[in-house]
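Heads up: the structure comes next, in structure tokens.
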Amino acid sequence: MYTNILITTDGSELAQKGVDHGLTLAKSLGSKATVITVAEPYPLHSPATIGSWTEAQQHHADAALNLAKEAAAKMGVTIEVVLASHTSPAEAIVKTAQDRGCNLIVIASHGRRGVSRLLLGSQTAEVVHLSKIPVLVVR
């Protein structure tokens, strides 16, 4: 059924629940698994230098992807990792899924509703909206 799963992470505890769920699914199905994190490109009006911004984004991405690699190793699942850079994480996730021929996206969500969702935005909702393939939302 799902032979190529894209699993998203930002390194948070919640995202790790999604990673763990996606890896468990990939293992049980014998699916290929790719884990993606998305870094924000340097904002033009930032007080940080391009170098310090890039270094901080790389450090955060490495930490998130290393957590996924550790979880995959514990489960005996082989994964590929992807670091994308985009102003819209949702767009980067959907494009990566398309480019890699994935047939499922696994993403975690806080499940916020109402005003808190509007104020904070929801990359998960955006992925669901943009994706042409199934999206499994983990809470």
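Readers should treat all values here as calculations from the given coordinates under stated rules, not as data from a laboratory. Remember, predicted model here, so these are calculated numbers, not experimental data. With ideal geometry, Cβ positions are generated from the backbone for all residues, glycine too; neighbour counts draw on all protein chains shown.
Show which lysines lie in cross-link reach of K74 when reach means a straight Cα distance below 24 angstrom and same-chain residues fewer than eight apart are skipped.
K17, K27, K32
Among the aspartates and glutamates, which have Cα under 13 Å from the Cα of K132 when same-chain residues fewer than 8 positions away are ignored?
Leaving aside aspartates and glutamates fewer than 8 places away in the same chain, those within reach of K132 are E91, D99.
For K69, give me every one of the aspartates and glutamates with a C-alpha distance below 12 angstrom, ignoring sequence neighbours fewer than eight places off in its own chain.
D20, E80
Would you give the gap between the C-alpha center of the range 1-37 and the C-alpha center of the range 53-116, rounded to a whole Å?
9 Å
Sort all Cα-Cα distances of the chain into consecutive 5 angstrom bins from zero, then give the percent of pairs in each bin up to the one containing the longest distance.
2, 11, 20, 23, 20, 13, 8, 3, 1, 0
Mind sorting M1, M75 by how few other Cβ atoms lie within 10 Å of their own Cβ, fewest first?
The fewest-first ordering by Cβ neighbours comes to M1, M75.
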